[in-house]
Amino acid sequence: MLVRKWRDGAGAGLTMRMEPTVQIVGEEPALLEALVLAFKEQGFRVVEAADAAEGWRCFRREAPDLVLSELGRARLPAGIELLLRIRRASRTPVVLFATESEGGVEDAVRAVKCGADDFVVAPEVELAPRLVRVARHLTRPAPGDAAAARQLLQGQLPGSSPAIGRVRERIIALAPLCERVLVTGEPGSGRETAARALHALATPERPFVALCAAALPHLPTPPRQGSIYLRDVEQLAPMLQRAWLEQLESGARDGRFGARWVVGAEPALVARARAGMAPFDPTLARHLARFELALPSLRERPEDVPHIARVLVERAGARLGRRTRLSDEAAHRLRLEVWTGNLTELAGVIEKLVAFSSGARIEQSEVEEVIGDLRLSVESLRDYQALAERERLLEALAETGGNVSRTATMLGRSRTTIYRMAERNGVRLRRRG
């Protein structure tokens, strides 16, 4: 069993089992080679054997976390023979597999009676993805590892509310799977943090690539391993949505593997796509939403604000070279505030409090002052944005002679949005054009 020690952030000193060892036994060289490659691409440590005798020697030497063995064709198939020997010595999970032309219901019944944990029969091109899914399920973290994972996630996604606790448990459950994950939540709720936490539990030594959907000129060539985080996926261009959907569907058909996609989106993406209310392909939305990780807003877990604030004070203090802490009264005042910008807004306030603090403790009066300044700044910014929006709209209308369709094209908006902008800014439009 492989272990890895975390050496960064809140996870310092934790020891976790991250790369299960999978033993693959196959009589057909080409199939064995394909399975070994597929499992290595998914981050497993793989040992291989060509027959039952070699498989038994390998099992005793390597002590793998999981054994995958081809059933075999003899009267006493090699897979059954190996299974029986392992069962006399160990409860290590064993999965037997066969192609559709070589395995059937009778073989499955026999395998289970002999102690197999699963029996997989599939066309040869589908064996790899099916076996990987089974392997992910059977090699999920043991209880001690799950406890270490919870401790790590408590540092990355702090809080004691049931809402954030459910998020951490879902991350632990999803980490071993090779499936796509949709992370939904309001702006500032920590979608990328959750994506990075998922990556840290699954493949911490593989690459993590963060991309912005709105800035993609074309679909990137993904790395073969690790994670790709695509934020604000609802802003992905329609042409790229179609290309991505084709890529996902063709990959599912031929069993191709690659980096895991973790996608960040607004909470209502799937519902709006299915209802035809958003310019997003509903089929692609369903593909992405098979495994959803929904993040709560701070309004849904106000009891977590004092603890989160103290964590942020410690981090900001380390970054700015200041040693200070929140008073109980200051923490309580932060809990009473409505954080429309969620964690991002709270972090901005905390950074100002730490930067402006001259003492060993941040008091409630300092919180009141910073929050008051922030609210004034927000109102001023909103006034400025409204004025700028009105000016852009008037300029575009003047250039297009009041033509709404051409104005929409020029501003990269829909006709409906142009009408709403006009109504919001007191601009009269022609109803046709």
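The values are calculated or read from the model by the stated rules, or taken from the named source; none is laboratory data. What you see is a predicted model, and the numbers here were worked out from it, not measured in a lab. For neighbour counting, all protein chains shown are included, and Cβ atoms are generated from backbone atoms with ideal geometry for every residue, glycine included.
Identify, by number, the condition in (1) closer than 23 Å to residue 342 by Cβ; (2) outside any helix (DSSP H, G or I); (3) free of Cβ contacts under 8 Å to residues at least 60 places away in the same chain that residue 209 doesn't meet. Result: residue 209 passes all but (1).
Within the bounds of the range 345-353, is there any residue that is surrounded by 16 or more Cβ atoms within 10 Å (Cβ to Cβ), farther than 26 Å from residue 269 by Cα, in contact with a strand residue (DSSP E or B) (Cβ under 7 Å, 6 or more places away or on another chain) and not β-branched (Val, Ile, Thr)? Yes, some residue in the range 345-353 is surrounded by 16 or more Cβ atoms within 10 Å (Cβ to Cβ), farther than 26 Å from residue 269 by Cα, in contact with a strand residue (DSSP E or B) (Cβ under 7 Å, 6 or more places away or on another chain) and not β-branched (Val, Ile, Thr). Could you tell me which residue of the range 212-238 is surrounded by the most Cβ atoms within 10 Å (Cβ to Cβ), considering only residues that are under 29 Å from residue 279 (Cβ atoms) and touching a residue at least 40 places away in the same chain (Cβ under 8 Å)? Of everything passing the filter in the range 212-238, 233 is surrounded by the most Cβ atoms within 10 Å (Cβ to Cβ). Take the residues in the range 306-359 that are of a type in the set (A, V, I, L, M, F, W, C) and part of a loop (DSSP other than H, G, I, E, B); name whichever of them is nearest to the chain's Cα centre (by Cα). Within the range 306-359, the match that is nearest to the chain's Cα centre (by Cα) is 339.
Residue under question is residue 236, and the condition is that it be assigned by TED's automatic domain parsing to the domain that holds residue 290, hydrophobic (A, V, I, L, M, F, W, C) and over 17 Å from the mean Cα position of the chain (by Cα); does it hold? Answer is yes for this residue.
You will find that of 102, 192, 124, the residue that is in contact (Cβ under 8 Å) with a residue 12 or more places away in the chain and within 30 Å of residue 264 (Cβ to Cβ) is 192 and no other. Would you mind stating whether residue 157 is modelled with pLDDT of 85 or more and surrounded by 17 or more Cβ atoms within 10 Å (Cβ to Cβ)? Judged against the criteria, residue 157 is a match. Those strands (runs of 3 or more DSSP E) of the range 85-188 that lie entirely within it include none in which at least 1 residues are at positive phi, more than 18 Å from the chain's Cα centre (by Cα) and not assigned by TED's automatic domain parsing to the domain that holds residue 54. Per the conditions (1) closer than 23 Å to residue 201 by Cα; (2) at pLDDT below 80, the sole criterion not satisfied by residue 104 is (1). Look through the range 318-337, keep the residues that are at pLDDT 90 or above and among the hydrophobic types (A, V, I, L, M, F, W, C), and return whichever of them is surrounded by the fewest Cβ atoms within 10 Å (Cβ to Cβ). Among those residues, the one meeting the criterion is 336. Pairs linking a residue in the range 324-344 that is within 14 Å of residue 367 (Cα to Cα) to a residue that is hydroxyl-bearing (Ser, Thr, Tyr), with Cβ atoms under 6 Å and 6 or more positions apart or on different chains, are 324/357.
Inside the range 179-210, residues that are surrounded by fewer than 18 Cβ atoms within 10 Å (Cβ to Cβ) and among the hydrophobic types (A, V, I, L, M, F, W, C) make up a count of 2.
Total residues in the range 409-420 satisfying the condition of being modelled with pLDDT of 80 or more and within 10 Å of residue 397 (Cβ to Cβ): the figure is 1.
Say we look at the range 28-55 and pick out the residues that are over 30 Å from residue 260 (Cα atoms) and buried (at least 18 other Cβ atoms within 10 Å of the Cβ); which of these is farthest from the chain's Cα centre (by Cα)? Once the filter is applied, the top-ranked residue is 52. With respect to the conditions (1) modelled with pLDDT of 90 or more; (2) among the basic types (Lys, Arg); (3) closer than 18 Å to residue 139 by Cα, residue 57 lacks only one, and its number is (3).
Residue 48 passes every criterion in (1) in contact with a Phe, Trp or Tyr (Cβ under 9 Å, 6 or more places away or on another chain); (2) not in a helix (DSSP H, G or I) apart from (1).
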